[in-house]
Every structure is written in C-alpha cells, then in structure tokens.
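Q: Just dropping this structure here.
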Amino acid sequence: MRHTISVLVENRPGVLARVAGLFRRRGFNIESLAVSTTQDPQTSRMTIVVLGDKQVLEQINKQLFKLVDVIAVNDHTGEKVVSRELGLIKVRAEAADRSEIMQIVDIFRAQIVDVGEKEVVVEVTGDREKIDALMYLLAKFGILEMARTGEIVLARGMQAT
C-alpha cells in the first residue's frame with residue numbers, strides 16, 4: 001500500500017539527512033520526498049511517500065517521533081487531501097508530430113515551456129496518475145528525459161499538520 005506522510009521538522013542543517021538515514025537504517029524505501037520551508041521560516045515540511053503495509057507505517061511513525069527535530073507526523077493515507085506533483089518531460093518532437101504533441105499537452109492542461117529543433121519540454125502539474133497518463137501518451141514520440149518533484153499534499157478543510 002502507498003502511504004503519504006507529512007512531517008513537520010525544525011528547519012536546521014542535517015535534519016533531512018537524519019530522516020533519510022532513519023529510512024535507510026530500517027530498510028524502508030522512499031518512493032517520493034519533497035521538502036521546503038513552511039509559512040514559519042523556523043519549520044520545514046517533508047512530504048514522504050512510502051510503500052508498505054500497516055506495520056511498516058507504524059514503525060516509521062514510531063521512529064520519526066524519536067528524532068529530536070521532528071515536531072509532528074501526519075499519515076494522510078485514506079484522508080481527503082489536495083495532492084500535486086510537478087513534472088518536466090523532454091519529448092522528441094519532429095515537425096510532423098508537433099501539432100499532435102501540442103494537442104495532447106493542451107488536453108492535460110500542461111504547457112510547453114521550451115522548444116528546440118527536435119524536442120520540446122513539457123511542464124505538467126497534477127496528481128501522480130495525471131502525470132503518468134501524460135507520459136504514457138507522450139512515450140510514442142520518445143521521452144528523452146524526465147524529472148518529477150515528488151508528491152506534496154495538504155489535508156482538505158481546516159485540518160493542518
């Protein structure tokens with residue numbers, strides 16, 4: 001099962017390394033990790049996506065709370081959340097294919113942010129499934145390179161981490 005966890009931490013050097021080290025020591029694989037400061041410059045928010053069963057998630061939560069710099073941990077599995085990811089996709093774009101690529105990009109409300117002689121770079125935001133679907137359709141033209149930010153989430157409503 002896929003779990004999305006938000007972790008609020010003190011915004012200090014080395015915190016990310018300690019959190020990642022915890023996952024490494026326990027043998028948990030991080031599928032996605034996004035980190036940034038919050039509205040409070042003293043606090044950072046980590047959004048971590050991991051695969052595992054309920055026992056893995058319980059173990060992760062217990063271990064995270066043992067770290068001094070961790071303020072709060074929130075498992076968003078099964079919650080109503082707003083979830084987004086950013087993807088940049090460099091696609092082979094011969095002249096004959098450009099109009100079809102532009103149509104696909106438009107359908108996904110993505111945009112072409114760079115154009116070269118034989119390639120374009122597409123920027124897309126959305127949930128993981130949306131980005132995967134766009135990549136699937138662009139694959140027939142040839143994906144030359146791709147980068148994704150990793151998932152970030154906020155709980156819907158008044159709930160806050």
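All of the numbers you see were taken from the coordinates with simple rules; none came from a lab. Source: prediction; values computed, not measured. Every residue, glycine among them, receives a Cβ derived from its backbone with ideal geometry; neighbour counts consider all protein chains shown.
Q: Give the residue from Ile71, Thr47, Ala110 lying farthest towards the positive end of the charge dipole for the chain; charges sit on Cβ (+1 for Lys and Arg, -1 for Asp and Glu) and the dipole is referred to the Cα centre.
A: Most positive-ward Cα: Ile71.
Q: Got a sec? Which residues in region 23-54 would a label at Asn61 touch, if it sits 7 Å along Cα→Cβ and we count backbone N under 11 Å?
A: 54
Q: In a GNM of the chain with a 10 Å cut-off on Cα contacts, which of Glu117, Glu94, Glu151 has the highest mean-square fluctuation?
A: Highest fluctuation of the listed residues: Glu117.
Q: Between Val68 and Val113, with labels modelled 7 Å along Cα→Cβ, what's the label distance in nm to one decimal, could you check?
A: Those two pseudo-labels are separated by 3.8 nm.
Q: Connecting C-alpha atoms closer than 10 Å in a GNM of the chain, tell me which of Gly142, Gly52, Gly27 has the biggest fluctuation.
A: Looking only at Gly142, Gly52, Gly27, the biggest GNM fluctuation is shown by Gly27.
Q: Straight-line reach from Lys80: which lysines have a Cα under 21 Å away, not including same-chain ones fewer than 8 places off?
A: Those lysines meeting the cut-off are Lys54, Lys130.
Q: Continuing with the same structure: Please state, to two decimals, what the Cα-based radius of gyration of region 81-153 comes to when divided by 2.2 N^0.38 Å (N = residues).
A: For region 81-153, the normalised Cα radius of gyration comes out at 1.05.
Q: Could you list log10 I(q)/I(0) for the chain at q = 0.11, 0.12 Å⁻¹, which the Debye formula gives when each Cα is one point scatterer?
A: Log10 of I(q)/I(0), two decimals: -0.54, -0.63.
Q: Quick check: the angle from helix 98-107's long axis to the longest principal axis of the chain, C-alpha only, nearest 10 degrees?
A: Long axis of 98-107 versus the principal axis of the chain: about 40 degrees.
Q: Assigning unit charges at the beta carbon (Lys, Arg +1; Asp, Glu -1) and nothing else, what dipole magnitude in debye, to the nearest 20, does the chain show about its Cα centre?
A: Here the chain has a charge dipole of around 660 debye.
Q: Also: Residue separation times 0.36 nm, minus the C-alpha to C-alpha distance between Gln103 and Thr149: what's the value?
A: The Gln103-Thr149 span can extend by a further 14.1 nm.
Q: Sticking with this structure for a sec: Check each of the trypsin sites (Lys or Arg not before Pro) in region 1-104 and keep only those in coil by DSSP with at most 14 other C-beta atoms within 10 angstrom; list them in order.
A: For trypsin sites (Lys or Arg not before Pro) across region 1-104 that sit outside H, G, I, E and B with at most 14 neighbouring Cβ atoms in 10 Å, the list reads Lys80.
Q: Using a simple spin-label model with points 7 Å from Cα along the Cα→Cβ vector, what separation in nm is obtained for Lys54 and Ala96?
A: Going by the 7 Å Cα→Cβ label model, 5.6 nm.
Q: A further question follows. For Tyr136 and Ala20 in the same chain, what is the full-extension length gain: residue separation times 0.36 nm, less their Cα-Cα distance, in nm?
A: Going from the current span to full extension adds 38.7 nm.
Q: May I ask for the angle, rounded to the nearest 10°, between helix 54-66 and the longest principal axis of the chain, with both axes built from Cα atoms and the value confined to 0 to 90°?
A: For 54-66 against the chain, the angle is about 60 degrees.
Q: Moving on. To the nearest 20 debye, what charge dipole does region 2-75 have about its Cα centre, counting +1 at the Cβ of each Lys and Arg and -1 at the Cβ of each Asp and Glu?
A: It works out to roughly 260 debye.
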